[in-house]
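Read-outs throughout are calculated quantities, based only on the coordinates presented, and are distinct from any laboratory measurement. These figures come from a predicted structure and were not determined experimentally. Quick reminder, even Gly has a Cβ in these numbers, built from the backbone with ideal geometry, and neighbours come from all protein chains shown.
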Amino acid sequence: MPIKIKNISGPLFDDTQENLAKAFNDSLLDIAVLGSGWVKDQLYRGHGVKTGYLKSSVHGGLVKNFHAQIDAGEQTKGVNVHYASKVEARYTMFKNTFHSLNQKPKEVDDIIEYHIKENLR
């Protein structure tokens, strides 16, 4: 889906590539953090949570330039929690979050707009 940004002014030709790259990476990071919160919201006692270890292992982050991910421990521990795939198969919290983010809710538009405005001043 195309992203529409209106009424942005700034140094469009001064360091544009760097500023846009920073805006996109900052946006991706914030969207991944938002999504990780949505995954955690779907995990609660009796619905994928016994000890809370999996829930506390869910994080969103920027893994490289223009690439963010939400995972169950890979970014912080080097590997996902070993039973995360079984919980996901039953409760589909990552899949649900993927579909929700793919619908580009207002929060995502707001995040992108904010970072573009901040970085193209």
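Here is how the numbers come out for the structure above:
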| quantity | calculated |
| --- | --- |
| Dipole axis of the chain (+1 Lys, Arg; -1 Asp, Glu on Cβ), positive-most option in Val58, Gly46, Ile116 | Gly46 |
| Tilt relative to the chain, helix 93-102 - C-alpha long axis, 0 to 90 degrees, to 10 | 20 |
| Rg and Dmax of the range 43-85, Cα atoms only, in Å | 11.4, 37 |
| Extension reserve of the Ala89-Lys50 stretch, reckoned as 0.36 nm per residue once the Cα distance is removed | 12.4 nm |
| Cβ-based charge dipole, the chain, positive-most Cα from His67, Ser85, Ser36 | Ser85 |
| Structure-derived Rg and Dmax of the Cα atoms in Å - corresponding label in (1) 16.7, 54; (2) 20.0, 57; (3) 19.3, 73 | (1) |
| Acute angle (nearest 10 degrees) that the helix 16-41 long axis makes with the longest principal axis of the chain, alpha-carbon atoms | 20 |
| Relative contact order computed over the range 16-119 (Cα-Cα under 8 Å; 6+ residues apart), in percent | 34 |
| Linear extension gain, Asp109 paired with Thr76, 0.36 nm per residue minus alpha-carbon span | 9.1 nm |
| Tally of Lys pairs whose C-alpha atoms are under 18 Å apart, taken over the range 16-119, 8 or more apart or cross-chain | 15 |
| Percent antiparallel among DSSP beta bridges (both partners in the range 16-119, rounded to 5) | 75 |
